[in-house]
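Encoded as structure tokens, the structure appears first; notes follow it.
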Amino acid sequence: MTMHENNVIPYPTITDKKESVRVGYRHIKMINLLSKVAADIVEPVGSARIASCITFRNEVISFGINELKSHPFQAKWGKNKDSVYLHAEISAIKNALKIISPDDLTRSSLYICRVKFFDNTKKKMIFGLAKPCCGCFRCITTFNLRSVIYTLDNEGIEQL
Ligand SMILES: [Zn+2]
């Protein structure tokens, strides 16, 4: 556990060495970075605090968080016509396309991290399942991102 600089709520980090070996340290490093970004979301959508980023040539080129903000790019990929609010991964892809070409995006990695309160005391945060919904999945497969890494409930990450 690491403490926020300006906040008392600790955000979760992956420290398990076996996990680093299994999925690769650079993936763990990105998820731990996103954990802080997600925990710092001031206005979560419901209880969902989800942060996403895209790396290209081992550099972070964009971030995205889920927010109560509609966007035409999200409307295109929403799982239904009512799904207009930006999902973190869609937002990260949208922002990445301002910097790199769709061709470069196919050589990029997408990371998605969800954090949630451990219980009602709201004194501790843990990881939550950040598997892309069917709308986001359609966007990911259309742009053909090289890899997608997301958090699982409690601990651990999964790679698509
Ligand atoms: Zn989604």
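Could you give the dipole magnitude of the chain about its Cα centre, charging the beta-carbon of Lys and Arg +1 and that of Asp and Glu -1, in debye to the nearest 20? Each step should come with its number before you reach the end.
Details: 23 positive and 15 negative charges, 36 e Å.
Dipole of the chain, to the nearest 20 debye: 180 debye.
3J(HN,Hα) along the stretch 97-113: 5, 7, 10, 10, 7, x, 5, 5, 4, 5, 10, 10, 10, 10, 10, 9, 10 Hz, from the Karplus curve 6.51 cos²θ - 1.76 cosθ + 1.60 with θ = phi - 60°, whole Hz, x for Gly and Pro. Counting beta carbons within 10 Å around each of TYR111, TYR85, TYR150 and listing the fewest first gives the order TYR85, TYR150, TYR111.
What FRET efficiency comes out for ASN80 versus ILE9 if R0 is 35 angstrom and r is the Cβ-Cβ distance? Round to the nearest 0.05. For R0 = 35 Å, the calculated efficiency reads 0.60.
Once whole DSSP H runs in the chain are found, which of them have Cα atoms spread over 18 Å or more along the helix axis and a mean Kyte-Doolittle score of at least -1.0? Once both thresholds are applied, what remains is 25-39. Taking amide H as placed 1.01 Å from N in the peptide plane, the amide H of ASN66 sits under 5 Å from that of ILE50, ALA88, each at least 5 places away or on another chain. Contact order, relative form, for the chain: 23 percent (alpha carbon pairs under 8 Å, 6 or more residues apart, mean separation divided by residue count).
Any idea what diffusion coefficient the chain gets from Stokes-Einstein, in µm²/s, Kirkwood Rh on alpha carbon pairs, 4 °C, 1.567 mPa s?
Values: Rh = 15.7 Å.
Estimated via Stokes-Einstein, D reaches 82 µm²/s.
In terms of the mean number of neighbouring beta-carbon atoms within 10 Å, the peptides 112-122, 89-99, 10-20 order highest first as 89-99, 112-122, 10-20.
Within the same chain, lysines fewer than 8 places from LYS36 are excluded, and of the rest, those with a Cα less than 18 Å from its Cα are LYS116, LYS122, LYS123, LYS124. Across the alpha-carbon atoms of the stretch 74-120, the computed radius of gyration and Dmax are 13.8, 45 angstrom.
According to the square roots a ≥ b ≥ c of the eigenvalues of the Cα gyration tensor, what is the shape class of the stretch 50-98, taking rounded for a/c under 1.5, prolate for a/b larger than b/c otherwise, and oblate for the remainder?
Numbers: a/c = 2.83, a/b = 2.12, b/c = 1.34.
In terms of gyration-tensor shape, prolate.
Only beta bridges with both residues in the stretch 92-160 are counted; by DSSP, about 65 percent of them are antiparallel. Taking θ as phi - 60° and the Karplus parameters 6.51, -1.76 and 1.60, the scalar couplings of the stretch 119-125 work out to 7, 5, 6, 6, 9, 8, 10 Hz in sequence order, x denoting glycine and proline. Residues whose amide H falls under 5 Å from that of TYR11, counting only those 5 or more places apart or on a different chain, are THR2, HIS4, with hydrogens built in the peptide plane.
Listed values for the stretch 145-152 are Karplus-derived 3J(HN,Hα) couplings in whole Hz (6.51 cos²θ - 1.76 cosθ + 1.60, θ = phi - 60°), namely 4, 5, 8, 10, 10, 9, 7, 10, and x replaces Gly and Pro. What residue among CYS134, ILE9, PRO72 has its Cα farthest toward the positive end of the dipole of the chain, where the charges are +1 on Lys, Arg and -1 on Asp, Glu, each on the Cβ? Of the listed residues, the answer is CYS134. Each label point was placed 7 Å from the Cα along the Cα-to-Cβ direction; for SER70 and LYS124 their separation is 4.1 nm.
None of the figures in this text is laboratory data; all of them are computed from the coordinates on show. All values derive from a computational prediction rather than experimental measurement. Using ideal geometry, Cβ is built from the backbone for each residue, glycine included, and neighbour counts are taken over all protein chains shown.
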